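Reading through the structure tokens given below for one structure.
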Amino acid sequence: MSGLAGFLDAARRSLGAEQVLDAPALLDALSLPQARPAALLRPGSVEEIALAVKLANEHRVPLLPCGGWTAMHYGDPAPAGAVALSLQRLDRLVEHSPADMVATAQAGLAFGAFQDRLHEHGQWLPFEAPATATLGGLLATDRSGPRRLGYGTLRDQVLGLTVVNGDGVVRKCGGKVVKNVTGYDLAKLYIGSLGTLGVIVEATFKLRPRPETSSVQELEHDDFAAGFKLVRELVQRLPFVAAVAGFPGKPFVAQLGIDASPPDHARLLRELEAACPSGGARLRETGATHLDAEEFPPRPRRLRAVTLTDGRTVEPALAARLTWPAFAGDFPDQIAALDQLAASHGFGLMMGFFEFPSRASAELFGSLEGGEGAPAPDLDGMVKALRKAGLPVTVTWTAAEQTLSASAFGPPQPAWELMRGIKRALDPRAVLNPGRFVEGI
Amino acid sequence: MPLSATLLAALREAVGAANVQTQADELFVYECDGLTVDRATPGAVVFVHSTDEVAKVVRACSEHTQPFVARGAGTGLSGGAVALNGAVVIELARMNRILEVDLENRVALVEPGVVNVHLTKACSERHLHYAPDPSSQGACTIGGNVAENSGGPHTLKYGVTVNHVLGLEVVLPSGEVVELGGPHGKGQGYDLVGLFVGSEGTFGIATKAWVKLTPNPESVKTLLAVFASVDEASRAVSGIIAAGIVPAALELIDQTIVRAVEQWLHLGFPTDAGAVLLIELDGLRDGLEPLADRVMRCCREAGGLDVRQAKDEKERLLLWKARKQAFGAVGRLSPSYYVQDGVIPRSRLPGVLAQITASAERHGLVNANVFHAGDGNLHPLILFDERDPRQVEAALACNEEVMSAVIEAGGMLSGEHGIGLEKLHFMPRVFSPDDLDAMLRVREVFDPRHLANPHKAIPSRRCWEVKGHEPPKLEPPRRKL
Ligand SMILES: Cc1cc2nc3c(=O)[nH]c(=O)nc-3n(C[C@H](O)[C@H](O)[C@H](O)COP(=O)(O)OP(=O)(O)OC[C@H]3O[C@@H](n4cnc5c(N)ncnc54)[C@H](O)[C@@H]3O)c2cc1C
Ligand SMILES: Cc1cc2nc3c(=O)[nH]c(=O)nc-3n(C[C@H](O)[C@H](O)[C@H](O)COP(=O)(O)OP(=O)(O)OC[C@H]3O[C@@H](n4cnc5c(N)ncnc54)[C@H](O)[C@@H]3O)c2cc1C
């Protein structure tokens, strides 16, 4: 029996046939260019996950841990014949101690459901993310939202983790107290590891009181450079919890998040108003309390129409998303350079974003049929050119027709040798998401 | 254990003969760190001045399979810088340059020997500071802070060292130099910066650090709340946290400490109080007054007798001076003290503090408390006389009971001082052999031969593997090792 068949057989016996799904319709629905699972396992406990990982070791079958399946496109392509390992049945809030501002939850719990439970006690995890994303998925991708400015990233809020490593052994790190240097902080390794070292099964978070007043203010400016400068100054001087600026944006638009007591909130509003007296700057209350960098400014997936130089308007489709670390001062030049490189590689820059303090990203559209003399979109060439120009971009998403021959994460770095060692130490047979992370990890 | 002549020659070659000390009277100073009960004589002490020198020294050690241990200011409180098995001490205090301060982007690049408070001083004119502020900040180094993931009073609101380190240059135990992260943070792949911080010198030697600078708050209010007992003060702490208030700092100081500080510094502290809370609030000036009112209400509800506000900056600094000199003041009360560092859920403070006091009394010892109460990070001090073996025994026994109380309350062994040498034998009580095994495997990626600060932070396999999953019985290493 082939590795896969033998594995599925053993999994059916130990997890129950109804938890091993391989109906073609389901698999088709899950399929992404970067991940086409051969089956989906739904273990119901930490022990069952450990068992599944041990079986995968025995039968040499790669596993794709997964939660809400909202970001399975992220990373280099998964190998064929991999089996998805769903965390969705591990969705319990294990413990919430409001007096200690600490909560422990299973990794399959959806972010939205987790927040709802915390809200009942006036507490929250200070993040925005899709409600259907799971805690495990958020931790594995470490895709923290714009509130990073005020609260740091997700990694700063994690107190402890339980994981099933690649050898099928259940291990803990950290604890349930808000300050802790007992043993190495292996949680830092698992956060943002894209599930390549261990399946995260449980996490303990440090919580925050919900702010008394919370709002999102939108600042518009006729001029990008002046608008961006104004936002930088505001963010430097005053304690906004989130700030996202868009490029090119006509007009320029930025969103600023405020979480504060009523007097502080009023003060920040006064400061904002004073900063935009005239000169093309306008302030608008959005009515929302949440910012969403991936959906900024709010718009449908299919974008607003783009007007071509020959006067036609077309509706371009999203072709790729890129992100890179940056200082605010460098962003305008970087995004302008990217805009030009995009054009010469058959893409248009739909939108660039800067999430303060240090995350830049860009969305590209391609396949503008009939764009006069425009080269055919060449994502590979464009990404190479960007990296050559010194912009260390990560490709976080591509449309099905855009392929990438290089790694989504860029060329090898000196420290990656250590990372390979860590991979070997915690997933010796490389059963977890093999090939999906940096340098073939 | 004397070093081989070839190794000594290589070390002298690397840093110059004047920077290699081997005489007993020179080595004596390096026998221990701030925890004076654990001592060992180093094989040599080597003063380094650059990354290149560190790399050469480490490479020489590596070639001779010679253990080595990094040392900053030696203020550590867990025996982390003790040179076991004749290890070579690599003294980094002379690598003390601030290489770059980028005010615009609020990051700085420093050498590991920079004294914590010197960085804050270097950018204070521009209203920035380096946020992690251990009470020892006038002496301890950023490199030591990185190795221990140090905290301090203001880490309650601003986070500990790991939240402020963006990148590191590290000399690996092979002598190879690597960069982890950088001014923008961790970079692609696994978060090796976050992993290195708190690794207690067992992954290699940090030779540069990119750190964040934090803007000074617009406005600060410092309160001193007076209570009849430690119990009431700790209830006030639990109450403030449960009310969803995050002060900048929330420190508890008990009567023994208040009296010791008062006798020494004459700051006007209430010596009849059972305990005081030092509470700092900061932020925009608009919301500070109402916040202070809420905090005062929490204090009164817990039985607070009086809440005073520092009326000016001078008074505020005096209050902090008292807090930061507290350990020093204890030195005037007792020839020796043992300070523990357990962390517990904040709602458990009153019960655990009572247990600690009862334990000290049972052993005929005095217990004093001055700690980061807002984080639940205890620092119970057990006073004793090192010259009296019975008292040493009693202090160690009391220490074991304190740790047990912490563990039973769902706490952890250390909040900021690290495991070092001194808490190793407790590790199997909070981690399973499998958990510890993962930590050792990761260590061995950096340091397969355990040359970098061996026998620290994580107990070695032979300590727990022999008996399978039985929690091992380790003798705590004591006195001269
Ligand atoms: C503000 C914000 C907005 C976002 N908006 C969008 C959006 O509009 N569209 C979008 O597609 N994404 C968006 N994301 C990103 C995405 O939602 C997150 O990355 C999310 O955390 C993925 O969660 P999931 O449960 O869906 O993970 P999955 O998609 O199931 O998995 C994602 C990755 O994590 C790994 N993984 C999942 N669970 C575990 C586990 N328990 N242990 C180990 N590894 C695991 C998987 O192997 C995979 O590599 C947004 C994120 C943020 C913060
Ligand atoms: C009075 C007093 C008050 C204190 N208050 C606090 C407090 O509030 N909060 C707190 O967290 N701690 C506190 N401490 C403990 C101590 O100051 C900290 O642990 C500090 O970070 C140690 O720094 P150091 O330079 O003295 O390091 P050392 O004691 O020299 O070394 C500590 C450890 O770090 C390693 N190390 C040193 N430099 C490097 C390097 N460059 N690379 C790799 N490893 C290295 C050493 O090998 C050792 O294991 C206090 C200590 C005292 C004496």
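A few points about this structure:
- Qualifying residue in the range A:141-158 (condition: in a helix (DSSP H, G or I), aromatic (F, W, Y) and away from every other protein chain (no Cβ under 14 Å)): no
- Within the range A:319-333, residues that are more than 13 Å from every other protein chain (Cβ to nearest Cβ) sit with their Cβ atoms under 6 Å from residues that are of a type in the set (D, E), at 6+ positions apart or across chains, in these pairs: A:R321/A:E363.
- Cβ-Cβ distances below 7 Å connect the following pairs, each with a first residue in the range A:133-149 that is in contact (Cβ under 8 Å) with a residue 12 or more places away in the chain, a second residue that is within 6 Å of ligand 1 (Cβ to nearest atom) and among the β-branched types (V, I, T), and a separation of six or more residues or different chains: A:A133/A:T70; A:G136/A:I200; A:G137/A:T70; A:L139/A:I200; A:A140/A:I200.
- Condition met for A:S193 (within 8 Å of chain B (Cβ to nearest Cβ) and either surrounded by fewer than 24 Cβ atoms within 10 Å (Cβ to Cβ) or more than 16 Å from ligand 2 (Cβ to nearest atom) (or both)): yes
- No other residue among A:G108, A:G112 is over 30 Å from A:L4 (Cα atoms) and more than 16 Å from ligand 2 (Cβ to nearest atom) apart from A:G112.
- Condition met for B:K212 (near ligand 2 (Cβ under 10 Å from one of its atoms), surrounded by fewer than 24 Cβ atoms within 10 Å (Cβ to Cβ) and not polar (S, T, N, Q)): no
- So A:L418, is it surrounded by 15 or more Cβ atoms within 10 Å (Cβ to Cβ), over 24 Å from A:D330 (Cα atoms), touching a residue at least 12 places away in the same chain (Cβ under 8 Å) and within 14 Å of chain B (Cβ to nearest Cβ): no
- Enumerated helices (runs of 4 or more DSSP H) restricted to the range B:89-172, each holding at least 2 residues that are within 14 Å of another protein chain (Cβ to nearest Cβ) and more than 8 Å from ligand 2 (Cβ to nearest atom): B:155-158
Rundown of residues vs (1) at pLDDT 95 or above; (2) within 14 Å of chain A (Cβ to nearest Cβ), yes/no style:
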| site | (1), (2) |
| --- | --- |
| B:L396 | no, no |
| B:I407 | yes, yes |
| B:L424 | no, yes |
| B:P448 | yes, yes |
| B:A457 | yes, yes |
| B:R462 | no, no |
| B:P472 | no, no |
| B:L481 | no, no |
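- Qualifying residues in the range A:116-132 (those that are in contact (Cβ under 8 Å) with a residue 12 or more places away in the chain and over 28 Å from B:Q188 (Cβ atoms)) - the one nearest to ligand 1 (Cβ to nearest atom): A:A131
- Checking the range A:364-378 against the condition returns no match, with no residue being modelled with pLDDT of 90 or more, out of contact with any His (no Cβ under 7 Å at 6 or more places or on another chain) and surrounded by fewer than 22 Cβ atoms within 10 Å (Cβ to Cβ).
- From the list B:G287, B:G304, the one residue that fits, being away from chain A (no Cβ under 14 Å), crowded, with 16+ Cβ neighbours inside 10 Å and either at pLDDT 95 or above or not in a helix (DSSP H, G or I) (or both), is B:G304.
- Residue match in the range B:56-70 (condition: without any contact (Cβ under 8 Å) to a residue 12 or more places away in the chain and more than 16 Å from ligand 1 (Cβ to nearest atom)): no
- Residue match in the range A:159-180 (condition: farther than 21 Å from A:V53 by Cβ, within 16 Å of ligand 2 (Cβ to nearest atom) and not β-branched (V, I, T)): yes
- Summed over the range B:173-184, residues that are more than 7 Å from every other protein chain (Cβ to nearest Cβ) and either small (G, A, S) or in a loop (DSSP other than H, G, I, E, B) (or both) total 7.
- The range B:246-279, residues that are closer than 21 Å to B:N216 by Cβ and surrounded by fewer than 24 Cβ atoms within 10 Å (Cβ to Cβ): B:V246, B:A248, B:L278
- Being under 22 Å from B:K157 (Cβ atoms), in contact (Cβ under 8 Å) with a residue 24 or more places away in the chain and in a strand (DSSP E or B) is a property that A:G257 has.
The values are calculated or read from the model by the stated rules, or taken from the named source; none is laboratory data. Note that the structure is predicted; figures quoted are calculated from it, not measured. Glycine also receives a Cβ, built like all others from the backbone with ideal geometry; neighbour counts cover every protein chain displayed.
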